[in-house]
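Notes for the one structure printed next.
The values are calculated or read from the model by the stated rules, or taken from the named source; none is laboratory data. Since this is a predicted model, take the numbers as computed values, not measurements. Here the Cβ positions follow ideal geometry from the backbone for every residue, glycine too, while neighbour counts run over all protein chains shown. Accessible surface areas use protein heavy atoms only, side chains included; no ligands, DNA or RNA. Shrake-Rupley method; radii C 1.70, N 1.55, O 1.52, S 1.80 Å.
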Amino acid sequence: MGFSVPRRVVIVGAGLGGTATAIRLLRFAREPLQVVVIERRSDHRSAGVAYHRAGNHWHHVFNIQAGRMSMFREDVDDFVDWANHEADRAGWPPEWSGLTFTESGPAPRRIYADYLAARLAEAAREAPHRVTLLEADGEVVDIGVGTGRVHLVVENYSLPHTDTGPRRMILEADHVVIATGLEERDLPFATGVTDHPAFVRHPYSEAGIERLLGLRKDAVVAIIGTLLSAYDSASLLLRRGHTGKLHMISRSGLTLRTYPPDHRHHVLSLPAPRLHADGYEGRENLVQRFKDEWERACAIVAREHPAVDRAVVTERVAKSWEPHLPEALARVPSSDLRALLDGYGSLLATLRVGAMPYITEFVHPAMADGGQIILTSGRVDEIVGTEAGTLKLSVSGPASTQTIEADLVIAGFGREPNYERVGSALWTNLLRKKIAVPHQRTGRGVEVDACGNLLGPTGARSGPISVVGGPREGDEIVRYGRMGAFAFNLAAIKNHSVGVAATVLRQLESCYDEPADDAAASVTDAEDPEVRAAFARSVMLDVRRMATRRRRDREAVTIRLEESLQAFRGAMTGDGEATVTDSALRFVVNRAAMTKLNDLSVTPRDLRSLLGLDGPPESD
């Protein structure tokens with residue numbers, strides 16, 4: 001049951017999504033495999049834009065609690081344990097170097113790159129024999145699909161810590177995972193000031209951070225945006241004693257809620273929202289029904305769950321609604337769905353997630369009447385330079401247009417969800433060749449199936465290519481009802497990495513063989529209690545195998561899993577004639593184990609308990 005030549009999986013992008021998927025592949029693999037992770041920016045390896053050290057000051061903290069930052073849903077305390085017991089704190093500032101991190105407390109974003117790198121290195125060390133990791137620098141600019149293989153065109157390919165210089169390379173792979181992260185939006189209102197010294201296009205960059213740190217204290221600053229990236233910039237300036245006025249500008253004018261100090265993530269069971277009558281009644285009626293049902297749900301939480309802090313009631317409601325939204329959204333015409341997402345996307349984001357007190361404790365007091373921060377609701381139409389070296393912003397508001405003059409203008413990240421507009425050479429080529437197509441229902445991201453396989457115009461798989469992270473935004477919305485950043489953030493990527501890694505290996509490894517639907521049903525829907533018990537026992541052992549970090553422990557669990565599978569097969573045959581092959585049985589069990597690891601109906605802490613991962617595996 002082995003493959004003599006290692007299969008090769010190439011992961012495009014070494015940020016959170018790519019690193020998480022590489023770790024899962026290294027842990028899940030049972031046969032020889034080479035995992036190649038290619039990153040076009042070496043400083044973004046194991047980090048991406050969100051967490052790389054140079055672009056995140058020590059005052060930039062996660063907007064959620066440290067206890068929710070584990071990259072493993074089945075091991076919720078992993079990040080906090082790493083930060084307290086494994087992290088190298090040499091060079092950390094006093095504010096953090098002596099801190100004991102807690103589940104509900106803050107943590108600086110820049111240390112997350114060290115955490116991801118540590119877990120990737122551990123996964124490589126503890127991988128099975130002939131399962132290896134190769135990290136390479138370079139930009140994948142094109143992908144071609146052949147018969148069962150994929151070739152990647154890589155510009156500036158090089159291997160770190162070698163003398164070989166960058167070169168153009170064609171890589172062959174058995175499977176490709178695209179983990180390119182979030183794409184940056186063009187800012188047409190700023191085309192004339194892109195290179196102006198008073199304009200910061202990339203606040204999460206070394207140059208952007210240095211510009212903020214070097215700004216004179218009384219400077220007038222205009223920040224385009226009023227949500228997380230704007231809070232990061234404002235908080236950094238205020239913490240360093242800035243005295244000048246800060247303008248925060250966005251179309252919505254929405255701001256973030258503050259999490260209570262002792263916040264822990266929970267999932268409430270609330271009545272399903274009644275968002276439709278017999279048929280679709282139009283956008284206005286849907287919005288009104290949504291508002292009415294939202295108020296009803298919030299009232300239920302206040303009445304039946306009085307312990308829930310008012311600041312997180314909306315988060316509890318939004319999470320409870322997720323399983324019900326796909327059915328409701330399916331009735332909405334695509335044009336209306338796109339308009340609703342465009343019009344209410346920011347609002348949905350603020351309902352679903354808040355910010356840590358560490359972020360808001362300087363920003364919110366400065367927003368009080370007459371305070372240092374001036375909130376402006378409106379669209380930035382144009383930014384022009386002045387002879388004095390300042391910048392003037394023309395802002396169209398609900399009733400009038402105003403001009404704001406600033407010594408420094410900071411643009412938010414500006415995420416581009418429409419992949420027909422992105423500047424990436426890779427995505428441009430994939431769309432041009434119809435290997436990828438824009439997500440039809442939402443216009444956000446690209447079309448994928450439930451396992452993350454990239455789809456072409458006919459809805460068929462484009463080849464052995466999978467996707468994790470941001471490009472799956474539209475699919476996350478319509479398939480799972482995940483709105484706002486939850487369509488592509490850490491919570492989504494945790495699930496993507498498990499699902500993609502397990503699916504890829506079931507396709508590549510000879511120990512798996514996908515059975516016909518009726519054969520699979522004979523396993524999963526068996527009526528015999530003994531067969532059902534044997535199936536459940538095998539699934540839980542495979543869950544444990546996939547969740548186990550150490551090679552020796554994983555090998556021991558694998559032996560027990562194979563013994564359980566044989567007992568399972570024996571329970572099914574009765575008269576000695578097998579109904580499914582060993583490899584087909586292994587496939588069905590692994591697919592069920594993957595589903596259990598990705599159970600969205602419970603919190604990660606509850607999931608670990610339900611999976612029985614805190615104790616030894618059950619005996620057969």
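Side notes on the structure shown:
- Selection status of Ser205, touching a residue at least 12 places away in the same chain (Cβ under 8 Å), farther than 10 Å from Ala411 by Cα, surrounded by fewer than 22 Cβ atoms within 10 Å (Cβ to Cβ) and among the hydroxyl-bearing types (Ser, Thr, Tyr): yes
- The residue pairs whose first member lies in region 275-293 and is without any contact (Cβ under 8 Å) to a residue 24 or more places away in the chain, whose second member is assigned to a helix (DSSP H, G or I) and exposed (fewer than 14 other Cβ atoms within 10 Å of the Cβ), and whose beta carbons are closer than 7 Å, counting only pairs six or more residues apart or on different chains, do not exist in this structure.
- Output for region 136-166, where each listed residue is more than 24 Å from Gly463 (Cβ to Cβ), part of a strand (DSSP E or B) and acidic (Asp, Glu): Asp137
- Of all residues in region 167-197 being in contact with a Ser or Thr (Cβ under 8 Å, 6 or more places away or on another chain) and either free of Cβ contacts under 8 Å to residues at least 60 places away in the same chain or in a strand (DSSP E or B) (or both), the one that is most open to solvent (accessible area, probe 1.4 Å): Arg167
- Considering the conditions (1) open to solvent by 40 Å² or more (accessible area, probe 1.4 Å); (2) in contact with a helix residue (DSSP H, G or I) (Cβ under 8 Å, 6 or more places away or on another chain); (3) of a type in the set (Lys, Arg), Arg532 is excluded by exactly one of them, (2).
- Subset tally (residues that are assigned to a helix (DSSP H, G or I) and either modelled with pLDDT under 95 or open to solvent by 30 Å² or more (accessible area, probe 1.4 Å) (or both)) for region 559-585: 18
- Of the residues Glu304, Glu293, Glu281, Glu327, the single one that is open to solvent by less than 20 Å² (accessible area, probe 1.4 Å) and either farther than 24 Å from Arg68 by Cβ or touching a helix residue (DSSP H, G or I) at 6+ places or on another chain (Cβ under 7 Å) (or both) is Glu293.
- Residue under evaluation Leu228, criteria (1) at pLDDT below 95; (2) more than 30 Å from Thr401 (Cβ to Cβ), criterion not met: (2)
- For region 397-407, a residue qualifies if it is open to solvent by 10 Å² or more (accessible area, probe 1.4 Å) and either of a type in the set (Gly, Ala, Ser) or in a helix (DSSP H, G or I) (or both), and the qualifying residues are Gly397, Ala399, Ser400.
- The one condition in (1) open to solvent by less than 60 Å² (accessible area, probe 1.4 Å); (2) under 23 Å from Lys291 (Cα atoms) that Val363 fails to fulfil: (2)
- Those residues of region 330-346 which are touching a residue at least 60 places away in the same chain (Cβ under 8 Å) and open to solvent by 70 Å² or more (accessible area, probe 1.4 Å), in sequence order: Ala330, Arg338
- Among helices (runs of 4 or more DSSP H) entirely within region 39-123, having at least 2 residues that are surrounded by fewer than 20 Cβ atoms within 10 Å (Cβ to Cβ) singles out 78-85, 94-97.
- Residues of region 586-599 satisfying the condition of being out of contact with any Pro (no Cβ under 8 Å at 6 or more places or on another chain) and not basic (Lys, Arg): Val589, Asn590, Ala592, Ala593, Met594, Thr595, Leu597, Asn598, Asp599
- Checking Asp232 against (1) open to solvent by 50 Å² or more (accessible area, probe 1.4 Å); (2) in a helix (DSSP H, G or I), the condition it does not meet: (1)
- Residue within region 13-21 that is under 19 Å from Ile359 (Cβ atoms), polar (S, T, N, Q) and crowded, with 21+ Cβ neighbours inside 10 Å present: no
- Count - residues of region 235-245 that are in a loop (DSSP other than H, G, I, E, B) and either of a type in the set (Gly, Ala, Ser) or without any contact (Cβ under 8 Å) to a residue 24 or more places away in the chain (or both): 2
- Within region 210-225, at least one residue is part of a helix (DSSP H, G or I), among the basic types (Lys, Arg) and touching a strand residue (DSSP E or B) at 6+ places or on another chain (Cβ under 9 Å).
- For Glu382, the requirement of being in a strand (DSSP E or B), touching a helix residue (DSSP H, G or I) at 6+ places or on another chain (Cβ under 7 Å) and more than 14 Å from Ser250 (Cβ to Cβ) is met.
- Pick from region 485-529, criterion among the charged types (D, E, K, R), open to solvent by 20 Å² or more (accessible area, probe 1.4 Å) and assigned to a loop (DSSP other than H, G, I, E, B), ranking: nearest to Thr603 (Cα to Cα): Asp525
- Test for His151: is it out of contact with any Cys (no Cβ under 6 Å at 6 or more places or on another chain), under 29 Å from Lys494 (Cα atoms), without any contact (Cβ under 8 Å) to a residue 24 or more places away in the chain and open to solvent by 40 Å² or more (accessible area, probe 1.4 Å): yes
- Evaluation of Leu286 against (1) touching a Leu at 6+ places or on another chain (Cβ under 8 Å); (2) open to solvent by 60 Å² or more (accessible area, probe 1.4 Å); (3) not basic (Lys, Arg) (one fails), failing number: (2)
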